[in-house]
Amino acid sequence: IPKTLILPRTLSDTVRELATTGSVTPAESARDIVKSGSEPDIKEVTRGTNAPVPVPLSPNHTAVRSTGPTLRWEAISNAQSYEVHIINLAHPEQGRIIRRDIKEAQLTLEADKLQPGQVYRWFVVAKIPNSSPRGKFAARFWVLDEQSLHEVESIEHAYSRSALVRAVIYEKYGLYEEANEALGQLEQMNLNNKSAKKMLDGMRRRLRRK
């Protein structure tokens, strides 16, 4: 944190919580959705199948800001195309989105395709000649609700110079991938600081990021 930066008491306490315990209590507006979105998904892969199953990379157990996020997964070398399934867990039948004939290992959804404040489960099927995969690796993510998004952006604007404050806020609202990026910036700024490295390592383990 820049030496000239003065934090409000609540924000200062949250920074201290992350620095000392490696975790942050989720924001009240995001608490329920963070809990639901962080539930582990079952890896459903049938033994003996002759086709590889794409693994979701991002977003994976994290919040996103956009209602039209970009989904990325591990590419399969001999896949002719991919089929992407996105399921709103609150409405699993009516809320299913399917995109077929995707040629690259990523898909950007149309703006406003998803709903703020909702948890989604997604998986990818690789279309490979002469093979029939029977399984999937699924991942979850959730879209920030409008109130949470406003709170995040307000704090970002006020403390744009502090990577630590941004890491704290991102974790507090479940934006774990963005928190990891902010931690990477902190790491680069404190390469020779052993105590800072120890704190950052603890924070990374808590965020389940390498």
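Rule-based calculations on the coordinates, nothing more; no lab input. None of these values were measured; they are calculated from a predicted model. FYI the Cβ positions are ideal-geometry reconstructions off the backbone, even for glycines, and counts take in every protein chain you see.
Using the beta-carbon distance between THR21 and SER58 and R0 = 35 Å, what value does 1/(1 + (r/R0)^6) give for FRET efficiency, to the nearest 0.05? E(calc), rounded to 0.05, equals 0.85.
For an R0 of 41 angstrom, estimate the FRET efficiency from the Cβ-Cβ distance between GLU181 and ASN130 and round to the nearest 0.05. Display every interim value, and only then the final one.
Numbers: r = 41 Å, r/R0 = 0.99.
With a Förster radius of 41 Å, E is 0.50.
Kindly rank 118-129, 86-97 from highest to lowest mean number of other beta carbons found within 10 Å of each residue. Could you put the intermediate results ahead of the total?
Values: 118-129: 19.5, 86-97: 13.5.
Going by the mean number of other Cβ atoms within 10 Å, highest first, we get 118-129, 86-97.
The length gained by stretching the chain between HIS91 and GLU146 to full extension, at 0.36 nm per residue less their Cα-Cα distance, is 17.8 nm. If you plug the beta carbon distance of MET189 and ALA158 into 1/(1 + (r/R0)^6) with R0 = 25 Å, you get a FRET efficiency near 0.80.
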